[in-house]
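The structure appears right after this line, and notes come after that.
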Amino acid sequence: MKITKKAHSDVGSAALEFLVFGLVAQLVLTGFGLELLRQQRAQIVSQSIARQAVRLVIADPANAPDLVQEMLNQISPRQGRATTDFNVSWLPKYPVSGDWVFATATVSGQSEVAVMKATR
């Protein structure tokens, strides 16, 4: 009885495995990178909105809700979002000179706070 050894050729499979696993790893890393960029963009937008809202509230407390809504109407098309995706609040509602005004803006779960002292 003669024992024969069947040789299985693995020539070329290492390159194929490298390409397949490398492509999967690259797609996963790209997905994580895009998600981080999306979160960073939301953070920057929410910070900008909070800062502008506190400026608007200090400049004209009586018309602040209308001014903030107008600002959101201008920003939302540039961000590709509806105005309902933005949440902006501030305290005190009607600041006087010497008050500290706190404005909070939330976009896609990213909240930022801006603080400024009212001086007129």
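Worth a mention:
- Of residues in segment 98-114 being touching a residue at least 40 places away in the same chain (Cβ under 8 Å) and surrounded by fewer than 17 Cβ atoms within 10 Å (Cβ to Cβ), the one farthest from residue 43 (Cα to Cα): 113
- Taken together, the residues in segment 20-39 that are under 30 Å from residue 111 (Cβ atoms) and hydrophobic (A, V, I, L, M, F, W, C) amount to 6.
- Selection within segment 63-110 - within 17 Å of residue 38 (Cα to Cα) and either more than 24 Å from the chain's Cα centre (by Cα) or not hydrophobic (A, V, I, L, M, F, W, C) (or both): 76, 77, 78, 79, 80, 81, 85, 106, 108, 109, 110
- Every residue from segment 54-64 that is surrounded by 12 or more Cβ atoms within 10 Å (Cβ to Cβ) and either farther than 16 Å from residue 104 by Cβ or touching a Lys or Arg at 6+ places or on another chain (Cβ under 9 Å) (or both): 57, 58, 59, 61, 63, 64
- Selection count, segment 35-53, where residues are surrounded by 20 or more Cβ atoms within 10 Å (Cβ to Cβ) and of a type outside the set (A, V, I, L, M, F, W, C): 1
- Candidates in segment 57-95 are the residues that are among the charged types (D, E, K, R) and at pLDDT 95 or above; of these, the one that is nearest to residue 46 (Cα to Cα) is 70.
- Near pairs, Cβ below 8 angstrom, 6+ apart or cross-chain, from segment 78-93 (more than 24 Å from residue 60 (Cα to Cα) and surrounded by fewer than 16 Cβ atoms within 10 Å (Cβ to Cβ)) to any residue that is modelled with pLDDT under 90 and of a type in the set (Ser, Thr, Tyr): 85/108
- Qualifying residue in segment 36-45 (condition: at pLDDT 95 or above and of a type outside the set (A, V, I, L, M)): no
- Taken over segment 1-35, residues that are at pLDDT 90 or above and among the charged types (D, E, K, R) amount to 1.
The values are calculated or read from the model by the stated rules, or taken from the named source; none is laboratory data. Keep in mind that what you see is a predicted model, and the values were worked out from it rather than measured. Note: ideal-geometry Cβ built from the backbone for every residue, glycine included; neighbour counts use all protein chains shown.
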